[in-house]
Amino acid sequence: YRCEDCCDVGLHCKECTLKTHLSHPMHRLRRWDGDHFARVTLKSLGLVVQLGHTPGENCTNPRIPWGDDFVLIDINGVHELSVRYCGCERAVPHHLQLLRTRWYPATSVSPKTAATFQVLETFHLLSVQSKLSAFEFYNTLSRRTDNTNVNTPKDQYPSFLAMVREWHHLKMMKCAGRGNEPDGIAGTRPGACAVECPACPQPGKNTPVKAQGYVCSRISCISRTEHLRSWLQRLFIAIDANFRLKRKKVSSDEVDPSLNKGAAYMVEEQAYKTYLDTFSTLEPDISDHCNNHDAVKLATLKGAVGLAASGVASVDCARHEVKRPCSTGDLQKGERYVNIDYLLHSSLQQNAPTNVLASYDIACHFDRNMLSRFANYGFVSEHIIDWAIPKFHINAHREACRAAYNLRYLPFCARDDGEGIERIWACLNAAAASTREMGPGSRRDTLDDIFAHHNWLKKAVIERNEQVTAFHQFNATLPSEATLSWRQAVEAWEGDRSQPNPFLLQRPTITQAAIKCQLAEEDAAALKAGTAELMHDKCSAAGMIIAGIELEDTQYASALPAHVTDIQRARALEHQNALHRRIDAWIDIQQLYMP
C-alpha cells in the first residue's frame, strides 16, 4: 500500500498502513495489484473512526450512524468513513463529538455528513479573497476525489452550502465576541459585528462622547476658531449605487432567511421592506436644478426583468474607504431617493458624530429637500451635514455646483476626493458573478462576509507631511498681498455662506450683437467729433471688422447630399461664387486699414 498524502512514498503492509492512519482517516491510498496501483479506501480496509475517545481506545458502547455511510469533506476530497459515536454514560451529543474532533456537522440531529475545520477555513479565506464560489470549490474537491468521473462521490453540495453559511456566521459572531455577552447571539444589536474604521471619529471610543462637531454654516454662523477646534470630529461619508451586484429572482426570505439579520453591514431586511412598502409611492423629486445625471434618470426606471434586486446602494467611509455598519441595502428600481434616504439615516445611527460631510454624485439635487423627506418618514436626526460632489463627477455639473459643492474649496476637506466608494466597488465587483445566483439571505450574509474581509485588510495611509510641504512651497511663490486678500475672502465665505463665493468664476457676457453695437457707437462718436479717419468712402474700420465677422458665419455651409441633383449642385456653386466675390471685395478694403 502507498499513501498519496504522506511524505513517505514507500510501500507498507496492510497492518502498518492501518496503524499509521488511525489519526489520518482522510488520507488516500493506492494498492499494488501486480501491474498497477488501484485506489482503495481506508474504510474498505476496515479502519473505524471512534469518536469520543483517543485514537486506538475502544468504546464499550459504540453507536453506528444510520446506514453506516458517513461522508467527510476535507481539503483533499470527499471521503466515505466508518464512524462510531460514543454511547457511554457520560458521552456528549453526537454533533458535539464531531465538533470536538474538529469536524463540523451538517445537522445537529443524527449527523451523517461533516466537513473538517481545515476545509471550511480554506474556503472561507478563498471566498473573501478571490471571490471563489462554493460551487466551483466543491467541484474541485470532487475532482480531487476522482478526476476520471468514473466513481464520483455522492453529491454533498447542498450539505456543504449549509455548513459554509453556518461557519461564516459563527466566525463573525466569534470575532465580535458575542459568546462572551450575557445575552449571546440573540441580543446582537444592529451593526455590532462590523469591523469599524479605526481612523474615523467614534464618540466614546477615539473621541469624547460629548464632543461638539462643527456646525454647518448654512444653519448657523460660528467662528473659525471653533472650526479649528472641532474639525477632527468630522465624519466623511460617500454615497453611491452599484448596479453590478444584482440578484436574480430565485428563492425567497421565507425559504432562505439571513442569519446575520442586520448585525453587520447589510441593513435588516424586514424593517427595510416595511419602510419601502410604506413610502415607495411618494413622488420623486425631479428637479432641473442641474444637469441631467444618470443617477437622477435611473431613479424612475422600472426594475429589470427577472431581477429581485437591480443592485445595491451604500454609505461608506469616504476618507479611509471602509464599509460602514448597517449602511448597504438592495435597490429595486434604480437609484431612488427613498432607498438612499433610509440607508443614510441607518448609517448615521451607528455611532456617528454630529458633524458630517457627505459626498454624492448628485448632492446638488439630493440635499435640496432632504430635511422635508426625513420629516415625512418620521426620521429624527441631530446630524448636521455638509454636502459635496466627488471630484471626478463634479466636472459634469453646472458652474454654480462646481463652486458650491467642490471638495477643493470646502474647509477642512484636505485632499479627500470623495471617490473612495468607487474604489471599494472595484474590489468587490468580482463577487457579482456568484452572488447574483444566490437566495436573498445567502447573498446578504455573503456580502457581509466580503465587506468584513475588506475592512480587516484596509489601512489608512497618512500623507500629511508631504501635503503640508507641497502647500508651503507653492504658497511661497505667490505674492503675499494676493494670498492675504484671497484668504480674507475665503474665510469670510466659510464663516457665512451668504457672503460672495470667491470660487465662483465671474465671466463677462458678450454677444456678437453687442460688439457690433459698440463698434457702430464708436463710429458715430468719431464722426460727430470730426476725428474719424476714413480710408474708404463707404466703409469704416469698424464696418470692415463687422463685415469680416459676417463673412466667417457665411462660410459655414451644409455639405451636399450623397446623391446630389444638378439643381442642388448649381445652387451651391452660385453661393460659393457669390461668397468668393464678397471676400475679394472685402480683402481690397482690408488692405487699406490693415496694409
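The values are calculated or read from the model by the stated rules, or taken from the named source; none is laboratory data. Computed from a predicted model, the values in this text were never measured in an experiment. Cβ: placed from backbone, ideal geometry, glycine included. Neighbour counts: every protein chain shown. Please note that ligands, DNA and RNA were not included when accessible areas were found on the heavy atoms of the full protein model with its side chains. Shrake-Rupley method; radii C 1.70, N 1.55, O 1.52, S 1.80 Å.
Can you tell me how many residues within segment 415-446 are under 20 Å from Leu235 (Cβ atoms) and touching an Asp or Glu at 6+ places or on another chain (Cβ under 7 Å)?
Quick first cut of segment 415-446, residues under 20 Å from Leu235 (Cβ atoms) only: 415-424.
Right, trim to touching an Asp or Glu at 6+ places or on another chain (Cβ under 7 Å) and you get 420-424.
The number of residues fulfilling the criteria is 5.
Any residue that is over 56 Å from the mean Cα position of the chain (by Cα), at pLDDT 85 or above, loosely packed, with under 12 Cβ neighbours inside 10 Å and assigned to a helix (DSSP H, G or I) - is there at least one of those in segment 552-566?
The first filter runs over segment 552-566 and keeps only residues over 56 Å from the mean Cα position of the chain (by Cα), leaving 565-566.
Next, only the ones that are at pLDDT 85 or above stay: 565-566.
Still in the list and also loosely packed, with under 12 Cβ neighbours inside 10 Å: 565-566.
Applying the additional criterion that residues be assigned to a helix (DSSP H, G or I) yields 566.
Checked against the condition, which is being over 56 Å from the mean Cα position of the chain (by Cα), at pLDDT 85 or above, loosely packed, with under 12 Cβ neighbours inside 10 Å and assigned to a helix (DSSP H, G or I), segment 552-566 yields at least one hit.
Any residue in segment 329-351 that's assigned by the TED database to the domain that holds Gly306 and within 17 Å of Cys317 (Cα to Cα): show its pairings with residues that are open to solvent by less than 10 Å² (accessible area, probe 1.4 Å) and not hydrophobic (A, V, I, L, M, F, W, C) at Cβ separation under 6 Å, as long as the two are six or more apart or on different chains.
Gly329/Tyr272; Leu343/Ser327; Leu343/Gly329; Ser347/Ser327; Gln350/Gly191; Gln350/Pro325
In segment 518-537, which residues are open to solvent by 70 Å² or more (accessible area, probe 1.4 Å) and either not aliphatic (A, V, I, L, M) or not assigned by the TED database to the domain that holds Asp588 (or both)?
Listed by number, the residues that qualify are Gln518, Glu521, Glu522, Lys528, Thr531, Glu533, Asp537.
Cβ contacts < 7 Å: first residue at negative phi and part of a helix (DSSP H, G or I), restricted to segment 511-525; second residue open to solvent by 70 Å² or more (accessible area, probe 1.4 Å) and of a type in the set (A, V, I, L, M), any location; separation 6+ or different chain. Result?
Leu519/Ile545
Test Leu126 against the criterion of being free of Cβ contacts under 8 Å to residues at least 40 places away in the same chain, among the aliphatic types (A, V, I, L, M) and under 26 Å from Thr435 (Cα atoms), and give yes or no. Let's see the steps before the verdict.
Details: free of Cβ contacts under 8 Å to residues at least 40 places away in the same chain: yes; among the aliphatic types (A, V, I, L, M): yes; under 26 Å from Thr435 (Cα atoms): yes.
Here the answer is yes, as Leu126 does meet what is asked.
Confirm whether Gln118 is assigned by the TED database to the domain that holds Arg165, touching an Asp or Glu at 6+ places or on another chain (Cβ under 8 Å) and assigned to a helix (DSSP H, G or I).
Numbers: assigned by the TED database to the domain that holds Arg165: yes; touching an Asp or Glu at 6+ places or on another chain (Cβ under 8 Å): yes; assigned to a helix (DSSP H, G or I): yes.
Judged against the criteria, Gln118 is a match.
Let's see how each residue does on (1) closer than 27 Å to Ala309 by Cβ; (2) of a type in the set (Ser, Thr, Tyr):
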{"site": "Thr328", "(1), (2)": "yes, yes"}
{"site": "Ser347", "(1), (2)": "yes, yes"}
{"site": "Asn369", "(1), (2)": "yes, no"}
{"site": "Ala375", "(1), (2)": "no, no"}
{"site": "Phe412", "(1), (2)": "no, no"}
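Pick from Lys131, Lys112, Lys174: which is more than 27 Å from the chain's Cα centre (by Cα), modelled with pLDDT of 90 or more and among the basic types (Lys, Arg)?
Details: Lys131 fails: more than 27 Å from the chain's Cα centre (by Cα); Lys174 fails: more than 27 Å from the chain's Cα centre (by Cα).
Selected residue: Lys112, the only one of Lys131, Lys112, Lys174 that is more than 27 Å from the chain's Cα centre (by Cα), modelled with pLDDT of 90 or more and among the basic types (Lys, Arg).
In segment 138-150, which residues are open to solvent by 50 Å² or more (accessible area, probe 1.4 Å) and either among the β-branched types (Val, Ile, Thr) or under 33 Å from the mean Cα position of the chain (by Cα) (or both)?
First, the residues of segment 138-150 that are open to solvent by 50 Å² or more (accessible area, probe 1.4 Å): 139-140, 143-144, 147-150.
Residues satisfying the conditions are Asn139, Thr140, Thr148, Val150.
For segment 492-508, what are the residues that are within 16 Å of Leu407 (Cα to Cα) and of a type in the set (Lys, Arg)?
If the condition is that a residue be within 16 Å of Leu407 (Cα to Cα) and of a type in the set (Lys, Arg), then Arg497 is the only one that fits.
Applying the selection to segment 109-137, what residues are among the small types (Gly, Ala, Ser) and either farther than 14 Å from Trp167 by Cβ or buried (at least 21 other Cβ atoms within 10 Å of the Cβ) (or both)? It would help to see each step written out before you state the result.
As a first pass, look at segment 109-137 and keep what is among the small types (Gly, Ala, Ser): 110, 114-115, 127, 130, 133-134.
Passing the criteria: Ser110, Ala114, Ala115, Ser127, Ser130, Ser133.
Test of understanding: among Gln506, Gln512, Gln488, which residue is modelled with pLDDT under 80 and under 30 Å from Trp231 (Cβ atoms)?
Values: Gln512 fails: under 30 Å from Trp231 (Cβ atoms); Gln488 fails: modelled with pLDDT under 80.
Of the residues listed, the single one that is modelled with pLDDT under 80 and under 30 Å from Trp231 (Cβ atoms) is Gln506.
Go through segment 171-182 and give me each residue that's open to solvent by 20 Å² or more (accessible area, probe 1.4 Å) and under 20 Å from Leu132 (Cα atoms).
Lys171 - this is the single residue of segment 171-182 that is open to solvent by 20 Å² or more (accessible area, probe 1.4 Å) and under 20 Å from Leu132 (Cα atoms).
Would you check if there is a residue in segment 73-84 being assigned to a loop (DSSP other than H, G, I, E, B), in contact with a helix residue (DSSP H, G or I) (Cβ under 9 Å, 6 or more places away or on another chain), over 16 Å from Trp167 (Cβ atoms) and aliphatic (A, V, I, L, M)? Steps first, please.
Within segment 73-84, the first condition is being assigned to a loop (DSSP other than H, G, I, E, B), and the residues that meet it are 75-76.
Next, from what is left, pick out any that are in contact with a helix residue (DSSP H, G or I) (Cβ under 9 Å, 6 or more places away or on another chain): 75-76.
Within this subset, residues satisfying the condition of being over 16 Å from Trp167 (Cβ atoms) are 76.
Among the residues that remain, those that are also aliphatic (A, V, I, L, M) are: none.
Among the residues of segment 73-84, not one is assigned to a loop (DSSP other than H, G, I, E, B), in contact with a helix residue (DSSP H, G or I) (Cβ under 9 Å, 6 or more places away or on another chain), over 16 Å from Trp167 (Cβ atoms) and aliphatic (A, V, I, L, M), which makes the answer no.
Give me the pairs, please: first residue somewhere in segment 477-494 and not assigned by the TED database to the domain that holds Tyr409 and of a type in the set (A, V, I, L, M, F, W, C), second residue anywhere and assigned to a helix (DSSP H, G or I) and open to solvent by 80 Å² or more (accessible area, probe 1.4 Å), beta-carbon distance under 9 Å, and either six or more positions apart or on two chains.
Sorted first by the residue in segment 477-494, then by its partner, the pairs are Leu478/Trp486.
Look at Gly548 and say whether it is touching a residue at least 40 places away in the same chain (Cβ under 8 Å), farther than 30 Å from Glu399 by Cα, outside any loop (DSSP other than H, G, I, E, B) and open to solvent by less than 70 Å² (accessible area, probe 1.4 Å).
Numbers: touching a residue at least 40 places away in the same chain (Cβ under 8 Å): yes; farther than 30 Å from Glu399 by Cα: yes; outside any loop (DSSP other than H, G, I, E, B): yes; open to solvent by less than 70 Å² (accessible area, probe 1.4 Å): yes.
Considered against the rule, which asks whether it is touching a residue at least 40 places away in the same chain (Cβ under 8 Å), farther than 30 Å from Glu399 by Cα, outside any loop (DSSP other than H, G, I, E, B) and open to solvent by less than 70 Å² (accessible area, probe 1.4 Å), Gly548 comes out as yes.
Residue-by-condition table, conditions (1) more than 22 Å from Gln233 (Cα to Cα); (2) open to solvent by 20 Å² or more (accessible area, probe 1.4 Å):
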residue: Asn351; (1), (2): no, yes
residue: Val356; (1), (2): no, no
residue: Ser359; (1), (2): no, no
residue: Arg368; (1), (2): yes, yes
residue: Ser372; (1), (2): yes, yes
residue: Asn376; (1), (2): yes, yes
residue: Glu382; (1), (2): no, yes
residue: Ile385; (1), (2): no, yes
residue: Ile389; (1), (2): no, no
